[in-house]
Structures are given as C-alpha cells and as structure tokens.
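Novice: Before we start, here is the structure in question, set down as structure tokens.
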C-alpha cells in the first residue's frame, strides 16, 4: 500500500477527496441558499431571522474553506467552479424564498442532506484511519444536529 505525505493510503485519500468534494459542492449550494434567504426574508420575524441566517452563512463559509483545505491536505484538488457545484450537489436550490417557515424548512432539508454525506465520509475516514477528516466530520455533525433540532423546534407551533 502506497502512503501519501501524511501517512494515509493514497487510494483511500483519493476516495475521501472525492467524497469531500461532493460535500464541498453541497456546502456551496447551502451557503448560497442561506445568502438568498438572508437577503429576501420578509415578515414580522425579519429582524431575528436576518441575523440568524447571517450567522449560519458565515459558519458555512468557514466550513467551505475547511473542507477545501482538507481536500488539499489529502492530495486532492477542491472543486471551485459554479458548474462543479451545480453538477455535484444534491441540495435543492432555494430561489426567491421570503417566508419564514419555507426558509427554515430549506435549512432543515439542506442540513439533513449534508449530514448524510458527512456520516458517509466519517465512516470512510474511520476505515482509512484518517483522524483529521474524522474529527472534522464529527464536529460538523454535532453542530448540525443541534441546528436541525433548534430549527424543528422553531417550526413547532405552541399549543
């Protein structure tokens, strides 16, 4: 088995880079959706949601950079064109969303997709003995699970 410069299997690192590129493409679409709902949200909850969406897109932007840098660390090349992101993303495009509940549901759906991809990467990284990618995925998963819970709680009507 041939190892790369950080002591991981080159073959497994290539697979992880491909999977991380899929995550990167999905995160880029998630990020752009967040920008869109941040700009276009309307209604009585505007002030709270506008700030929350900014918080989320700022965090997504940081994660995009972390993912791209991990791909480079593994010896891969991060996707970096809109065409790449469109072709490799599963997250729905959130176009012209201005209602609060639709925006929150888009976030929940997007995070659910990201979590599925991240869990697959976590499993592959564990098999490859790639602690760096495993730790990153674990951190992402923990944060996003909590965000999904909070967003679902926000959608729940009080009785």
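The values are calculated or read from the model by the stated rules, or taken from the named source; none is laboratory data. Keep in mind that this is a model prediction, so the values were computed, not measured. Virtual Cβ from ideal backbone geometry, glycine too; neighbours counted across all protein chains shown.
Novice: Looking at the stretch 1-11, which of the residues that are touching a residue at least 60 places away in the same chain (Cβ under 8 Å) and touching a helix residue (DSSP H, G or I) at 6+ places or on another chain (Cβ under 7 Å) is surrounded by the most Cβ atoms within 10 Å (Cβ to Cβ)?
Specialist: The selected residue is 4.
Novice: Continuing with the same structure: So which residues in the stretch 80-96 are closer than 11 Å to residue 21 by Cβ and under 14 Å from the mean Cα position of the chain (by Cα), if there are any at all?
Specialist: The answer is 85, 88, 89.
Novice: Might you check whether a residue that is out of contact with any strand residue (DSSP E or B) (no Cβ under 7 Å at 6 or more places or on another chain), part of a helix (DSSP H, G or I), more than 18 Å from residue 24 (Cα to Cα) and at pLDDT 95 or above occurs anywhere in the stretch 80-101?
Specialist: Checked against the condition, which is being out of contact with any strand residue (DSSP E or B) (no Cβ under 7 Å at 6 or more places or on another chain), part of a helix (DSSP H, G or I), more than 18 Å from residue 24 (Cα to Cα) and at pLDDT 95 or above, the stretch 80-101 yields at least one hit.
Novice: Of everything in the stretch 52-79, what is within 15 Å of the chain's Cα centre (by Cα) and under 19 Å from residue 16 (Cβ atoms)? Give them in sequence order.
Specialist: Once the filter is applied, which keeps residues that are within 15 Å of the chain's Cα centre (by Cα) and under 19 Å from residue 16 (Cβ atoms), the stretch 52-79 yields 63, 64, 65, 66, 67, 68, 69, 70, 71, 78, 79.
Novice: Confirm whether residue 128 is in contact (Cβ under 8 Å) with a residue 60 or more places away in the chain, surrounded by 14 or more Cβ atoms within 10 Å (Cβ to Cβ) and over 19 Å from residue 27 (Cα atoms).
Specialist: Yes, satisfied.
Novice: I need the full set of residues from the stretch 1-55 which are over 17 Å from residue 69 (Cβ atoms) and in a loop (DSSP other than H, G, I, E, B), in order please.
Specialist: Scanning the stretch 1-55 gives 1, 2, 7, 41, 42, 43, 44, 45.
Residues checked against (1) within 30 Å of residue 11 (Cα to Cα); (2) in a helix (DSSP H, G or I):
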site	(1), (2)
116	yes, yes
126	yes, yes
129	yes, no
136	yes, yes
141	yes, yes
144	yes, yes
153	no, yes
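Novice: What are the pairs with Cβ atoms under 6 angstrom where one residue, in the stretch 64-75, is touching a residue at least 24 places away in the same chain (Cβ under 8 Å) and at negative phi and the other, located anywhere, is outside any helix (DSSP H, G or I) and surrounded by 18 or more Cβ atoms within 10 Å (Cβ to Cβ)? Sequence gap at least six, or different chains.
Specialist: Filtered contacts from the stretch 64-75: 68/78; 71/78.
Novice: What do you reckon, is residue 36 over 21 Å from residue 87 (Cα atoms) and either in contact with a strand residue (DSSP E or B) (Cβ under 8 Å, 6 or more places away or on another chain) or surrounded by fewer than 22 Cβ atoms within 10 Å (Cβ to Cβ) (or both)?
Specialist: On the way: over 21 Å from residue 87 (Cα atoms): no; either in contact with a strand residue (DSSP E or B) (Cβ under 8 Å, 6 or more places away or on another chain) or surrounded by fewer than 22 Cβ atoms within 10 Å (Cβ to Cβ) (or both): yes.
Judged against the criteria, residue 36 is not a match.
Novice: Within the stretch 97-125, work out how many residues are under 14 Å from the mean Cα position of the chain (by Cα), touching a residue at least 24 places away in the same chain (Cβ under 8 Å) and under 19 Å from residue 147 (Cβ atoms).
Specialist: 12
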